[in-house]
Each structure stands twice: as structure tokens, then as C-alpha cells.
Amino acid sequence: MLLFFYSCLAVFAGVGFLAFRQPIYSALSFAAVVLATCGVFVMNDAPYLAAATMIVYTGATIIVFLFVLMFAQRSRLQLYDLSRNAPVWSIVIGMLLFSFLFAAIREISIEPPAPHVPSQVAELGKLMFTDFIWTVEIVGLLLLVATIAAIVIAQDAQNDPAEKTESGINVSPALVPVPSASAQTAKRVASARPGGNR
Amino acid sequence: MLNLVWLIPLVLMLALLAGVLICLFRKGAELAHVPTIVGLSISSAVSLILLFTSQGGVHVAITEGYTWLSLGGMHVPITARLDGIGLIQLNVVTCISLLVAVYARGYMLGDPGYARFFAIISAFVFAMVMLVLVGNLFVLYAFWEGVGLCSYLLIGHWYRRPSAAKAAMKAFLVNRLADCAFLVGILLLWHGIGLVGAENLATVGRLDFDVIFDAVPALAQRQPDLLWWVGLLLLIGAIGKSAQFPFHVWLPDAMEGPTPVSALIHATTMVTAGVYLLARMSPLLLLTPDVLLIAGWLGAITAVLGGLIALFQDDLKRVLAYSTVSQLGLLFLAFGAGVNGELLPLAVVAAMFHLITHAFFKALLFLTAGNVMHAMGDCIDMRKFGGLRKVLPSTHILFLIGALALVGAPPLAGFWSKEGILGLLTLEIGNPQYGSVFAIWLFMGLLSTLLTAIYTFRAYLRTFWGDVKLPAQAGAHPHEATAMMLAPLYILAVGSALIGLVIASTGALAEFVLPIPFLTDPHAHPHAGWWLVIASVGLVMAGATIAYYSISTSGVAAKRSGVPARFAELTSNRFYLDEVFYFCLVAPTQHLSKMVGIFDSQFIDRVIRRGATIPSAIGGRLRTYQTGVLPNYALTMALGIVALVALAFLRG
Amino acid sequence: MNPATFQTLMLAATLFAIGIVGFLSRKNMILMFLSVELMLAAVAMNFIAFGAHYQNYQGQLFAVLILTIASCEAAIGLALVVSLFKRKATLDIAAWSDLRETDREANVEVPVEQNEPIESYPVLTPAGTDPLVNPVRVSKDGALDTLKA
Amino acid sequence: MIITQEMLNNLIPVFPALGLIAAGCILLAIGLFQAPSPQAANESHGHGWAWGSLAVLLVIWGSWLFSSTQVEYASSLFRTDLLSRSGTHLALLAGCLITALTINKAPSRHACEFHSCLLFLIAGLALVTASSNLTSLYLSLELISIPTVLLLSISRRDNAGREATLKYFALSAFSSAIFLMGASYLFGLAGTTSIDGLVRAIGANSSTMAYIGFVLVIAGLAFRVTAVPFHFYASDVFSGSSLPMAAMLSTIPKIAGFVAMIKLLGGPTLNAALVPVALTTLILLALATMTLGNCLALVQSQCRKLLAYSSIAHSGYIMLGLAALLVQGASSRAVLVYLAAYVIMTIGFFAGISTLRARTDQDVELNDLNGLTSTNLWLGISLSICVLSLIGIPITAGFWAKFEIFRGLLTPGDRLLLFAAVFMAINAAIGAIYYVDILIRLNSSTTAWKNVSLTTLTDKPAIVTCVFCACMTLVWFIVPTWM
């Protein structure tokens, strides 16, 4: 019953996400979707992920998105928020895809291998840090790269048309020395991870 | 020991690589001859070692050198087939090449294309060696074409000279014509061998010589017509490369190339590839006597025709070129004797014998002609010089030795080998089936001996005797060639003088050559009858006399009248064969191509043009979808996904 | 398959479809990235549902990984958006369509009629003039505009 | 954390990747200590990073060559087999060539990040080839695409570069979501993330979900190999990125995508019921891809766009090789051979044209190639050889590549594959039209550089790379068995 409630919540919020003209509202309804999703996670025996999702998504990602949205937001609605890109086609595609997925899900019959036992976060941790340890390491590396990327890309925004000349060879020396700045962050991230990749 | 053979192509390839690098970097051009000569020295040493170690030992040895391609069921190794024929040809090629390359080091000095020349020489020898070595007909064809390409490049060495460019093109096209037939023959053979089994063999391996030799008897029983065509087409390939009637027209023009090239490629090595091919394929030809008959007739005609044309040529190199044509005719004539299957082994032996001796004395003659040319400032017209005996004493002696060897003066090389061929023809004169043919051939052979003597001595007398006369180009002090250039000539002269005697006296050639599948040594070595020896020596002397009188009585530029003049005109115009070629082949082709051209431009071209616009029209249409707008791209992607999923549903 | 799993899978499919529709139809770059996040959340839900069904932790593990990658992408995406916004002062995805086939014309957005709410109020006709038949619009800056027929 | 022997053993199959990652991290750490002085921005400084990472690549390749055992090793995440070994060779080869290409062109300001990300990316490719688990496969794919975004954005900082970054990033995120959706369904059917188990489970199950999962996964990977209709970004992103990055984009994601496809198609265990669908899907995609690529390449006037479309067309050919693999259940040789040849000849071509406009990101027009042979012999000849190879003329590696694909198509005697082979031959002919056009331009007598001093052609490393690639294609023709 609770699952059904969360599902309805998620779907309604999702439709809202599509429908709202105000991007802020869309983003907030996305947050609602994620919250409902967390509920579904709990129902599906994944409390740890529910918590993690709530923290990462709702606590951090959405906030940042909202921040950027508001940063870029003009006084009134923009043209691109008012209209939709190929609305008919998109909805047809969405409907078709959904119906195909629906048919596929309804059809399958897979049986659980064993009677149900509640999940243990410790077991997840054990799996993650034994057999799948290297996935965690790679994810760490990816976070490092993403951090550097975010810094380098966003930094470009501070420096300006001089850079549009291109290609990096003729960069004026007056520019802020970037490598060290980003690499410091990089190092922080690297040291935060256990073990590292070296 | 046998794997040593791979050293030869290896060093030649390295020499080629070095040559290419020198050409590309345009540095060190003056040292361009070093890699070539070093490579050739090593390879001739190796081939000599192989020759002397394998005698009486392994006769047919196949070594796999390098697997070019090996996947799944397909396996294309490059194998070397070392047997008597191959070894002899290998030695001829490498040794003569070495001597010519040493000579060319002096001859080509200062030429702007010096580096290019030696690079292509390396490439040529590499291709030629591989042609001789490989154990697969298809691979042989690849190098056959490679040799033709090198020949084209070398004839056109002075490509800025229109005549050279033209000659190169002519040689290339005539060769291509014959090569096409050759290729068709190979493909037919491939098909035929597939018919009689050997399905389990990988496709290309089906053309290994052993497989061919195993399969041809069955093929001869089941598909004699097919085999006949194969034989004929192979013969056409051979006569194209060996400049036999009617494909001989390219060879005299090929003298536009530098003289070492004429000596190497167009006198001794490449042009004998046709003979080599016939010898190599003799187990197949054994089953197609008609083809051998054709070969014999073509050879006989060529031998006489070449001699006749050579009579009235004024260009020393052209005389030698026609002489080459004529001598190659004799080789084919020898194969004709194989029409009687029992004689084919002897024919192969005789042909190989003459091939060896011919390589020596013809290379010697060409290179001495090169000396003359060198001294005369590139003038080779015999009307413009004379009495060079005093100017070029060493060259004179060398030329004389070569000339005597060529005409077949008794102790010299040409005598022994030519007697071998003519003696072969005498053996079967009594044969009820072919006797008359053999008689005619013998007569033509003797006639060509006479003609050879006449034109050779004419050329010799006109060049070296009489009053000293020098062309304007020669400059004030024409000089003898350097020692560097003369040294190889002395070696060749020794060879020309002695090799016939050596081979004939030991009599080892037959044992060495003959272990060819299905050909057994009949142990009936042709003994040239004494009357034949006397006849041919008489003919030589008669020829010399005629030559002497034709010069001394009529003078060099004497007026000719009546029948002899008409004849002279005919021969000096090469029997109008070029024109015949033109009218029979080139002109119809041109007309046809014009007609085809009209058809082409009116019909095919339109269709093709219309067809060719389709892709660009599609492209033009499609590019309108490249709008640059990201959501459109995403939309198409999503549509694609939906379509694929729908497809899965439909099929599932 | 138990009903809970089934329901979760259906929800995931729905959210995935919504995500795709959002990605295709929203023109705001930030919302497009959010749509991708939505799709990823749907995938994570699938993994969790199947993981719970099979009672192994690989599904959850995969969901953790997806969560992390999603936040990586969010970070990069936001940085990119900020830098793009600095350059063109718009979040419109179609503003970035300069790279296209060279002979194509710029994909100029056909301006959809901006149906802003027209706030019109009945106003008294000033004294001494003829009464207007057409309504009068008050624009944002407060000036009175007379709409001509 | 307890490091067990087993965990260390897990490292063996991915040694090159780990080496590259470690080297990348060390590069970043060195970048920390680099004095932020104006001199840091000069060119030679940037070269140091490139030479360094090239050296790292070569050392790792060499040590791996000499130490790699033939032992098949499998852990829960990675496995060594023939595919991973040859795939890793491919990755290192492409990595070396691309790094050599960047020597003069890396952005000096972010050279440290640039090269470390390039190393990460190559490591990602190596990991893709060794992955035996969906999790590691997915993460390795991301390890390619996330650094790619960074590389794209820092190697070109004008608006075009931004746009290219945006397009690549957004569509790559979209396609990776689609890949994941398919993966989740496959996981749902199999109950395990191990690829072997997955393929086995699908083999035992012919439900619609298997089809959908399969198709979605292939669609997600099709984006990386620029198959139609996931190809749109290619031309835009290529023309909006610097030339070395275009070379990278045309090779590395493609290798990754195809290797992942080979893994997931799974060979013999693939369900017989699934084969027709997969086959139809692949052949349709392949035919559409090669036709579109060739037709669009025909109407281009800029080298980079032309190469983008020609790379799409080559993807189509490779996908046919993949389809043949499905029918035969045979080795993945044809695909790998084509990929290797493609890497060499494409990067060679990119290297050649990148010398022409080394200092600007202005696009190289086809007209710029006119008469290049007469002004710069080496470059002209090498470019011509690369183009010959792209056509597939004998004497070059491209011939073997096409030969292998055709052989794969014709051997099983399947009618559909036969049809595909005919179609591919027609496409190769269409492709030859524009390649021959390039050849004619390269060797024509009128030169585009008559009045332009060739000072722009000072990009020695790129010229050397181009010549090297040309030599490789020639040598490969003579020694086709090296793979």
C-alpha cells in the first residue's frame, strides 16, 4: 500500500516535472520524484541506498541544480521554458517505449531463488570492499576526474573572450595558473579515498 | 643449407629498401650502387654455393620461407622450389646481375637518375629471383608482373626523352597483352584443378607446382580441351615476355633504356623468363603436344625473322636486340622438338644449355656495345663510326669473343649449345609423324645460323675495321672504358669462351636439370652428327665471307638496287611488322574504342553519371537533418531505439 | 515474481519514459540534465528491484555505482552549463547549434507567440475624448498602450 | 582494509590499465608542484608532459609485452583472454599514436590535466577489454567518456569547442542511461552481473525482456561506435574539437564500443532464438550506418567532417564483421583486425592534416590538400598511403581489414550476410569516390601552398606520426599475420 502511494507520488511528480513551465517547479518536482524513489527503495529492501540517495540527490545535487537555475534565472519566463521541443513526437516515443517495457515486464516470470531474508548493509559493504573493490577504486578515479573537469570547465567561464582565440598555444601568461589549483583539489579528493590507485 | 636460399631475396629486399631510402632522402646518391652491388654479391655467392652443394644431392626441394597469410582454412606460404631448372636460372640471374651492376657503376656514373637506377635494379633482381624460386604459379604470376613493371621503369629511365617514354609504354602494353592471356590461363588451370579434386587444398595452394603436376594427367583425361587452352595461354604469356613472333616488336624498342639494362633485362634474364616458364611447366606441356608444335613454329619463324631484320640494321644495339630475338626463337624451337614427348626432356636440357651460354655472350656483346656507345658519346649508329679497333682495343677483343661465341665458332660456348638444339632436331627427322616438320625446322635453324653469322660479322666489321671514323659526339679523345667497367667484361668473356666446353664435356647438365616430374631421362643424348658440325661451321664461314664482301664491295653506304635493295628495305623496315601490328591490332582497337567511346559517352556514361549522383543526392538530402540542434539528434536517437525495440517485438 | 517487484519495475519503466520525454522535450539545459538523472534513478530502481528479488547485493552495488556516476555527471553538467551560460546568457539548448552542416541555415527558433497574460483593465475614458472601443493593455512598465484593431 | 592475495591477483589482467592510472595520478601530483609562473605557459613546457606520457605508454606497453603470460586468468571483475590481450594492445597502440599527435598541440595551460586524462582514458579502454562483469564494463566505459568531456573542453576553448563538449556530454549521458536500462533488464533475467552468467542466462530465456535488454544495450553501445541513428554528434563534435581529439574520438570510443559488443554478443552461448533478432538488428544498423556515412562524406568539403562521416561508414563495415561473428560463432578476429587497421590509417590521416593548420583550429579544407605531395613529399606520400589504406587497396593494411570482413561474411553462406556483403561492396565503391578525390588532390600539380610559406608545416611529431602510420600500413600488408 505504501509502495503504491510512493509510486503514485513519483509518477505525479514526474508528470509535474514535465509539465511545469517554471524550471524551479520542475526541479522541485524532480526532488519529489527522488524522495518518492527513496521510499520505493526502502520498500525494496534497500534502506542504505534510500538514505544515500536522499543525501546525495536531494541533499546535494538538487540543491546545486536549483542554485544554478536561480543563478541563470531571468526576471520572467524565457521562451525556451514556455515551449516544448517536438512535444508530440516526444510523448509518442515515451508512450511507445513505456508500452514495450510494460509488455516485457508483464510477460516475464522469474522466481526468487530463496525465501526472503531482510538485507544487511554490512553484507553490501562486504561485497563492495572484497570482490568489487576495484569498481570502488574506479569510481573514486572517476570522481577525481569529474572534479577536475568541473573545475576546469567552470573556470573557463571566469576568464573571458581572450580565450576564444583558441587552441591553448597562445594563451596569455597573465591568466591564473590553473594546474596547481585544480590539482590541489585533485589531491584532496585522492587522499580522501582509501588506498588510492597507486 | 636449403634455407640459405632465403638469404637471397632478403638481401635484395634490403638493397631495395636502401635504394628507396636513398632516392627519398636525396642524400648519398653517389653511393647508391653500394647496397645493390653488396646485395648482389651475397646473393650470387649464395646461389653458387647452392648450385655446387646440391649437385647430385637433393633435386627437388621445397622450403617454406615465409607464411604470407594464414587464417582459418587459408594458408598462403611463400615456398621456394629448388630444382635444377630453378638453380640454373637463379645462378644466371644473380651472377649476370652482379657483373652488370658492377659495369653500370661505371656506365651510369654522373647520371641524374643514378640512385633511382640502382634501386630499380635491386627491385628487378628481387622480383626475378622470386619468379625463379617460388613454388606456386599464382605467386609466380605476381612476380612476373613485378618484373614487367621494373622493365617498364628501366626502359623509361630517361623518361624525358619521348622515344624512351614511348618505348617503355610499348613494352609495357605488349607485355600486358600477353600477361592477360597468361592470367586467364592460370585461372583456367585453377578451375581445372578444382575439377579433378584437390578440393581439400587451400585455394591458392592449389596452384603449387607439385599439385599442378599431380593433377594434370587426370585433367588431360577428363578435360583435354581445357588443358589445351591452358597450355596455349601459358605459351602466349611466355612468348610475350620472351619477345617471340608476333610479340617481338617491343624488344628492339626497349633498347632505349640504358645499355646495362638492355644487357641485363632485355638480353639475358627477363626475356628468358618465358623459356623458364615453359621449362617449369613442361610436365603440363608434355600432355599438350599441339602447343609445343606451335611453340616450335613460332620459334623457328622468330629465329629466321630476327636474323633477317638484323641484317640491315644500322644501330649496333638494335642488331644485338634482333639477334636476341632470333636466339630466343632457337630456344622455343628446341621446345618444339618436345612435340614428340620422348624428346621433351632433351629439349628442356638443350634449351637450358643455350640459355646459359646465351646469357654469357649476349651480356658480353651488349656491354661491349655499351663501351662503344660510351666512347662515341652516346652514338650507336654504325654508319657514323668505324675502325674502332685502334681506339678501343680491349673492347674490340671482347666483342670479337662475344661475336664468335654468338655465331657458334667451334670451341666457344655458342657452338656447343647451338649444336645441341640442332642435333636434337636431327634425331627425329625420320619420324613418320613429325619428320617433315623437323626437317623444315632444321633448315630454318641452319638458315638462322647463317644469318647470325652474316649480321654479326657485318656489325663487327663495320664497327671495328676499316678506316678510323668518329662521330661528332665522340669528342676529341674517345677513350677506352675504365678498368671497373672492363673487369666484368673479362669475366663474361672467359665464360663465353669456356662454359660451353665445360658443360658439354662434363655432361652433367641433363642429370642436373632432368628430375622433373613425369619427365624421364631417355639416356639418348643427342650427338650432333659430324655432318651437322661441318655444315654449321661451313655456314659460319660462309656468313663471314658474305659479310666481308657485302661491306668491302658495296661500301658501308653503298647504293642497293633491284631485289637485294627491296629486300634490304623490307628488312630494315622490320618487315613492316610494326605497321602490321598497328593495322591489325592498334587501329581496330582505336576504332573499336572510338565506337565504344561513343556508346560509352552516350549511354553508359549517362547511366553511370546518373548513378553516381545518387549517393551525393542522398547525402545532400541527409545533410539537411544535420541541424546542429541537440534535441533533434536526441529525438532521432530515441526514435531509433523505439524502432529497434519494435523490431525485436515483431521478430519475437 | 511478487507484486512489489512488479510494481517497482513498472514505476521504473514509467520514470524512464518520463525521463526520455523530458530529455527530448525540455529546452532548458538544466532540465535536460535533470531528465538524464531521472532516467538514471529509474535504472537504479530497476537494479534494486531485481536485487531484492534475487536477494543478492549486486543490484544494490550497481545502484550505488550509478548514483555516484550520476553525481559525477551532475557536477560536470552544471559546470558546463555555467560556462555556457556565461558565453551566451541563455539556457536554451538550441542556442548552441552553430556546428551543423555548413550550407544549412541557422536553426532559427520560430518564436512561439509569447502568450503572456495580457492584463487588461477597463479604464475610464479621459474627459473630452471619444470613448475607445478596444481594450487597453497595461504593459509591464505601467505605460498605457492602446491596442489598435 | 585487508588486502588479500586474491585482490592482488585481480590486478594481473589489468596491469597496463593500472599502470596508466598510476602514471596519470603521478602526473597530476607533479602538476601540483609546478610553479605557477608565466613560463609555465610556454610551449616547451607543454611538450614535456606529452613526451612524458608517451614514454609512460611505451614503457607500459613494452613491459607488458615482455611479461604478459598466456595464462587465462579470471577474477570477478576482470579476465584475460585473447580478446583482452589484443584489445589492450589496440588501446596502447591508439594511445601512443594519439599522444604522439598531441605533442605540439596540447593546451599548455592545462597540459598536466590533459595528459593525465588521456592516460586515464586509455586505461579505461584497456579495462573495457578486460572486463568480465557489467559493473566493471560500465565503469570502464564511463572512464572513457568522462575524461573525454574534459579533454574536449580544455583542448579547444572557443564557442565551437564548448558546443562540441555539450553535445558529446549530453548525448553520451543519454546513451549511457539507455545502456544501463538494458543492462538492468539483463541483470533482472540473470540475477548476476557477471557477463558470462548473463549471456548464459539469456541463452536459457527467450522472453521479450531479453530482447529489449539486449537491444537497449546494443543501442547504448551504438552511440559510442557512431552507428546510425546515434551518429549525429559525430560530425558536429569532430568539427568542434581539436584535431588530436577528433582522432581520439574516432578511435577510442569505437574500439571500446565494439569490444563491449563482442563481449555481450557472447559467441556460442547466445540464445538461438535471439540470434535472428540480433542479426537483423546489427545488419540493419550496419547497412544504414555505412550508407549514410558514405553518402554524407561525399558532399563534404572539410577534412574533419569528411573524416567524421568516413569513420561512421567504417563503423558500418565493422558492424557487419560483428554480425558475421554472430552467425559463425567464430572468433572476433575480423573486427579486431579492422579496428587495428582503422586506428593506424585514420590516426595517420589525422596526423597528416593536423600539420597543415597546427596553430589554429580553423578547419582544414579539402582544397588545402591540393598538391601537397609536390611541396612536402613525405607528408604527401604518407597521406596518400593512408588514404589508399582507407579505400582498402592491396599493398596496404586496409586491404586485409576489408578482406577479413568479407571473408567473415561469405564463409557461412548465409543469404542475409551475402546480401550484406554485396551492399558493403557497393558502399566501398561509393567510399572510394571521395577517397580518390583526396588522392587526386594530394598529387595534383596545382598546389594550395604555392604562395603560402610552409612555416606552418613545422609540426615534426605529427609528420613523423603520419609517416609511421603509413609505413605500418605497408608493413602490415607484407606481414599480415602479426595480429
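The values are calculated or read from the model by the stated rules, or taken from the named source; none is laboratory data. What you see is a predicted model, and the numbers here were worked out from it, not measured in a lab. Positions of Cβ are backbone-derived with ideal geometry, glycine not excepted, and every protein chain shown enters the neighbour counts.
Being buried (at least 24 other Cβ atoms within 10 Å of the Cβ) and assigned to a helix (DSSP H, G or I) holds for only one residue in B:304, B:261, and it is B:261. Here is the figure for the range B:226-280: residues that are over 28 Å from residue B:492 (Cα atoms) and without any contact (Cβ under 8 Å) to a residue 60 or more places away in the chain total 6.
Residue count for the range C:19-42, restricted to those that are in contact (Cβ under 8 Å) with a residue 24 or more places away in the chain and either over 20 Å from the mean Cα position of the chain (by Cα) or more than 18 Å from residue A:108 (Cβ to Cβ) (or both): 11.
Taken over the range A:68-88, residues that are within 7 Å of chain C (Cβ to nearest Cβ) and surrounded by fewer than 17 Cβ atoms within 10 Å (Cβ to Cβ) amount to 4. Being polar (S, T, N, Q) and more than 22 Å from residue B:106 (Cβ to Cβ) is a condition met by no residue of the range B:28-40.
Selection of first residues in the range B:102-115 that are assigned by TED's automatic domain parsing to the domain that holds residue B:263 and closer than 19 Å to residue B:39 by Cα and of second residues that are of a type in the set (Val, Ile, Thr) and surrounded by fewer than 20 Cβ atoms within 10 Å (Cβ to Cβ), restricted to Cβ pairs under 6 Å at least 6 apart or on distinct chains, gives the following pairs, ordered by first then second residue: B:106/B:482. Considering only the range A:37-54, state which residues are more than 7 Å from chain C (Cβ to nearest Cβ) and touching a Cys at 6+ places or on another chain (Cβ under 6 Å). Of everything in the range A:37-54, those that are more than 7 Å from chain C (Cβ to nearest Cβ) and touching a Cys at 6+ places or on another chain (Cβ under 6 Å) turn out to be A:50, A:54. Of the set (1) out of contact with any Pro (no Cβ under 9 Å at 6 or more places or on another chain); (2) surrounded by 15 or more Cβ atoms within 10 Å (Cβ to Cβ); (3) not in a helix (DSSP H, G or I), all apply to residue A:119 but (1).
Checked across the range C:51-71, the condition of being at pLDDT 90 or above, within 14 Å of chain B (Cβ to nearest Cβ) and either buried (at least 24 other Cβ atoms within 10 Å of the Cβ) or in contact with a Gly (Cβ under 6 Å, 6 or more places away or on another chain) (or both) holds for no residue.
Residue by residue, here is whether (1) under 18 Å from residue B:296 (Cβ atoms); (2) of a type in the set (A, V, I, L, M, F, W, C); (3) within 12 Å of the chain's Cα centre (by Cα) holds:
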position	(1), (2), (3)
B:214	no, no, no
B:226	no, yes, no
B:236	yes, yes, no
B:244	yes, no, yes
B:249	no, yes, no
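Screening residue A:86 with (1) on the phi < 0 side of the Ramachandran plot; (2) modelled with pLDDT under 90 gives one miss only, at (1).
Picking from residues in the range A:124-145 that are more than 9 Å from chain D (Cβ to nearest Cβ) and either out of contact with any helix residue (DSSP H, G or I) (no Cβ under 9 Å at 6 or more places or on another chain) or surrounded by 14 or more Cβ atoms within 10 Å (Cβ to Cβ) (or both), the one that is farthest from residue D:22 (Cα to Cα) is A:124. Taking the range A:94-113 as the range and being surrounded by fewer than 14 Cβ atoms within 10 Å (Cβ to Cβ), facing chain C (nearest Cβ under 7 Å) and either in contact with a helix residue (DSSP H, G or I) (Cβ under 7 Å, 6 or more places away or on another chain) or touching a residue at least 24 places away in the same chain (Cβ under 8 Å) (or both) as the test, only A:113 passes. Would it be correct to say that residue A:33 is at pLDDT 85 or above, within 19 Å of residue C:43 (Cβ to Cβ) and under 15 Å from the mean Cα position of the chain (by Cα)? When the stated conditions are applied, residue A:33 passes them. Exactly one residue out of B:156, B:110, B:146, B:106 is outside any helix (DSSP H, G or I), surrounded by fewer than 23 Cβ atoms within 10 Å (Cβ to Cβ) and small (Gly, Ala, Ser): that is B:110.
No other residue among B:448, B:394, B:436 is polar (S, T, N, Q), under 20 Å from residue B:344 (Cα atoms), at pLDDT 80 or above and in the same structural domain as residue B:362 (by TED's automatic domain parsing) apart from B:436. For the condition within 14 Å of chain B (Cβ to nearest Cβ) and either crowded, with 22+ Cβ neighbours inside 10 Å or at pLDDT 90 or above (or both), residue D:307 does not qualify. Apart from one condition, residue C:95 fits all of (1) crowded, with 22+ Cβ neighbours inside 10 Å; (2) of a type outside the set (D, E, K, R); (3) more than 7 Å from every other protein chain (Cβ to nearest Cβ); the exception is (1).
Those helices (runs of 4 or more DSSP H) of the range D:202-305 in which at least 3 residues are within 16 Å of the chain's Cα centre (by Cα), considering only elements entirely within it, cover D:208-224, D:232-239, D:243-265.
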